[in-house]
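Engineer: One structure is given below, represented as structure tokens, and several questions about it will come after.
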Amino acid sequence: MLICGLLLCLGGAGLLAVVPDAAFSRRGAAFLRWRGVVQGGLWAVVGLLALAGAMGRLNGVVSWFPLFGVDGPALPMLAVLSFAGGVTGTGRQGLACVLAALGLLALSPLVFCLLAGTALALLTRRGGWGLCLPFAVLPACVPADSVLSVPLLALSILQTGHAVGEQKGPVAMVPAFIGIFLLGRLLAETGAVPFVQQALMLACGGWVAWRGGLQALRGQQSWCVASGLAGAWYGGACMVLVLALACALDGADAFGATLRLAMGAPALGLVGLLWLSVSMRGPDSMGPGYGTEREWGRWALWGTMLPVSAMPPLGGFSVLWSLLVASDYSVQGASPATALGMVLFAGFQIMVAVLCAAGLLRAGALMRGGYWLNRGLPACLCAGVAALLSLVPGLWLSVADALVVGDSAPGLSVWGVFTVRPAAGESTLVPALLLLALVAAAGLAALLARFMGASLVPVPARMAVPWRQGAPVYSPTSDGMGAGQTEPVLPFAQAGAMLCGWEGGSAAWRLPRPSVLPVRLAVLSRYGRRWLFRGVAWSESHGMVLLVLLLGAGLLLGLFLGA
């Protein structure tokens, strides 16, 4: 029942994503206005079903369609992916989220490659990296004990990391989820790998994290900065996953707990921040309650930034603390070379965290004072769930227990819900107590400042006149045209009707005069060349999608007709 419900909801979300707006008639205009709400509701049901299955440790296969099932990390990963799919919207990006979710439920490596490869092909933007992006799922078709398995995994990390930095909006998390899911599955089957192959995968993950941090510092647009932060998060998660599954270290279980924490609050905060980076609109489009909209947007921005940062006691701080504890466990009793490598790894992760903190400040500066659709409700939802997972991390660790192969999490208790325990050691972290300590320190500082007669909030010496605050600034265009005016363009359909003598919408056929035939043939030739070039460009940009679809159709025909 769980798998059937997931497939039905994903099928409905995919159908809403691909049906164009023009398909709805006047009678369906009311449904068109509620289309996004219905799609978000389907993704919410998908997330709830995935959480229920993860908490119940459900495993199984659909008997009448054995291509899909649930096992291992599929359900926890799908629970996080549902947030990205719910706020992405319709079109190619929404369809890519649906295909990625179906790929997580696929039991056959071939079906996973077809679904995930098509999702990555839909996200292809431009350049040679984009054309090679669908081949990032190629390691799933190679045996785990093959010599090419680890090099292909390293190449897959680079490809998916590049895809994360190139996407706009929450869909940037889709290649990251596909890459982490594929890397975790294959490394769990392979086990410990030689040192050279470990170093290769760690170097690829480090390069992706470093490139993402630099993109967050150099990007000039808010979406570019947010995508860089997502790339840095993905690179660091790949490095932690390699240390948890491919290296024979004493702190492997602690690294697994670190990845589970990283897939919780920081991932949801990134989804909300990515949505804010592409959903900003100007104050001219706001209604009478624009002040309330701005206040909601401010809370949404801060609520999505804090779980990503390393500020205590939220999710980013818990991840960094767990990472340092895991590094400490790995150093104990290790060889000098291994200890030095772990120290360098911890230093690199701290450096990436500093770069991400600077990138978050740039993102906040670029989006400060912005206005968002629906008062930033999707971002507020992501921020609220991220804050909840930050304060009750034990609940998420219990749900995401199967995300990484390793020791099972201890049973839930009242105190264990609020506690982070990376491994079977003595180190624990209670974010709720840390939050109470910070609130107490802030209250004590405020009381001391009040007693001393000082103010902790700087007050400007001169206040601006209220009626001048927020006054619009007009910048006339250079060509004298008003805002919203564009050059008139003759539609192709209308031009074709005029060529055939159907001016004015008349259905009667009238033979054109011989004197105007050369002119009409020249116009027809010009339009034909234009559409020919557009068709060639579309085929070049979507050739990989067509190739994957034709390959899938051929495999299905061979499956049913080959016997």
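Engineer: Determine whether Leu229 is in contact with a Cys (Cβ under 9 Å, 6 or more places away or on another chain) and either free of Cβ contacts under 8 Å to residues at least 12 places away in the same chain or surrounded by fewer than 23 Cβ atoms within 10 Å (Cβ to Cβ) (or both). Working first, answer last.
Structural biologist: Numbers: in contact with a Cys (Cβ under 9 Å, 6 or more places away or on another chain): yes; either free of Cβ contacts under 8 Å to residues at least 12 places away in the same chain or surrounded by fewer than 23 Cβ atoms within 10 Å (Cβ to Cβ) (or both): no.
Here the answer is no, as Leu229 does not meet what is asked.
Engineer: Next question, about the same structure. Tell me, please, whether a residue that is modelled with pLDDT of 80 or more, touching a Gly at 6+ places or on another chain (Cβ under 8 Å), surrounded by fewer than 21 Cβ atoms within 10 Å (Cβ to Cβ) and under 28 Å from Leu373 (Cα atoms) can be found in region 257-274.
Structural biologist: No.
Engineer: Further, regarding this structure: Output the qualifying pairs, or none if there are none: Cβ atoms under 6 angstrom, residues six or more apart or on different chains, first residue in region 114-132 and closer than 12 Å to Thr160 by Cα, second residue crowded, with 19+ Cβ neighbours inside 10 Å and modelled with pLDDT under 65.
Structural biologist: That search, which allows pairs on different chains as well, returns Thr124/Gly130.
Engineer: Moving on. Report yes if some residue within region 190-209 is at positive phi, open to solvent by less than 10 Å² (accessible area, probe 1.4 Å) and small (Gly, Ala, Ser); otherwise report no.
Structural biologist: Kept after step one, since they are at positive phi, are these residues of region 190-209: 191.
Keeping just the survivors that are open to solvent by less than 10 Å² (accessible area, probe 1.4 Å) gives none.
No, region 190-209 contains no residue that is at positive phi, open to solvent by less than 10 Å² (accessible area, probe 1.4 Å) and small (Gly, Ala, Ser).
Engineer: Filter region 81-107 down to residues that are under 24 Å from Leu261 (Cβ atoms) and either surrounded by fewer than 22 Cβ atoms within 10 Å (Cβ to Cβ) or of a type in the set (Asp, Glu) (or both), then give me how many there are.
Structural biologist: Going through region 81-107 one residue at a time, the tally reaches 0.
Engineer: Scan region 359-376 for residues that are of a type in the set (A, V, I, L, M, F, W, C), out of contact with any helix residue (DSSP H, G or I) (no Cβ under 6 Å at 6 or more places or on another chain) and touching a residue at least 40 places away in the same chain (Cβ under 8 Å) and report the count. Steps first, please.
Structural biologist: Taking region 359-376 as the starting set, the residues that turn out to be of a type in the set (A, V, I, L, M, F, W, C) are 360-361, 363, 365-367, 372-373.
From what is left, the residues that are out of contact with any helix residue (DSSP H, G or I) (no Cβ under 6 Å at 6 or more places or on another chain) are 361, 365, 373.
Restricting the remaining residues to those that are touching a residue at least 40 places away in the same chain (Cβ under 8 Å) gives 373.
The number of residues fulfilling the criteria is 1.
Engineer: Identify, from the list Thr304, Thr292, Thr338, the residue that is open to solvent by 20 Å² or more (accessible area, probe 1.4 Å), closer than 25 Å to Ile180 by Cα and modelled with pLDDT under 90.
Structural biologist: On the way: Thr304 fails: open to solvent by 20 Å² or more (accessible area, probe 1.4 Å); Thr292 fails: closer than 25 Å to Ile180 by Cα.
Testing whether each residue is open to solvent by 20 Å² or more (accessible area, probe 1.4 Å), closer than 25 Å to Ile180 by Cα and modelled with pLDDT under 90 leaves just Thr338.
Engineer: State whether the residues of region 63-70 include one that is open to solvent by less than 50 Å² (accessible area, probe 1.4 Å) and in a helix (DSSP H, G or I).
Structural biologist: No, the conditions are met nowhere in region 63-70.
Engineer: Now for a different question. Inspect region 72-89 for any residue being within 20 Å of Asn374 (Cα to Cα) and at pLDDT below 80 and give the result as yes or no.
Structural biologist: Yes: one or more hits.
Engineer: Follow-up. So is Ala237 more than 15 Å from the chain's Cα centre (by Cα), on the phi < 0 side of the Ramachandran plot and part of a helix (DSSP H, G or I) or not?
Structural biologist: No; evaluated as a whole, the condition is false for this residue.
Table: residues versus (1) open to solvent by 30 Å² or more (accessible area, probe 1.4 Å); (2) of a type outside the set (Lys, Arg); (3) at pLDDT below 65.
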position	(1), (2), (3)
Trp415	yes, yes, no
Phe418	yes, yes, no
Pro431	no, yes, no
Ala440	yes, yes, no
Leu448	yes, yes, no
Arg462	yes, no, yes
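Conditions tested, residue by residue: (1) out of contact with any Lys or Arg (no Cβ under 9 Å at 6 or more places or on another chain); (2) touching a residue at least 40 places away in the same chain (Cβ under 8 Å).
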site	(1), (2)
Glu166	no, yes
Ala172	yes, yes
Ile178	yes, yes
Gly184	yes, yes
Leu187	yes, yes
Thr190	yes, yes
Val193	yes, yes
Ala199	yes, no
Cys204	yes, yes
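The values are calculated or read from the model by the stated rules, or taken from the named source; none is laboratory data. Predicted model, so just to flag it, every value in this text is computed and none were measured. As a convention, Cβ positions derive from the backbone with ideal geometry for all residues, glycine included, and neighbour counts pool all protein chains shown. What goes into the accessible areas is simple: the full protein's heavy atoms, side chains included, and nothing from ligands, DNA or RNA. Shrake-Rupley method; radii C 1.70, N 1.55, O 1.52, S 1.80 Å.
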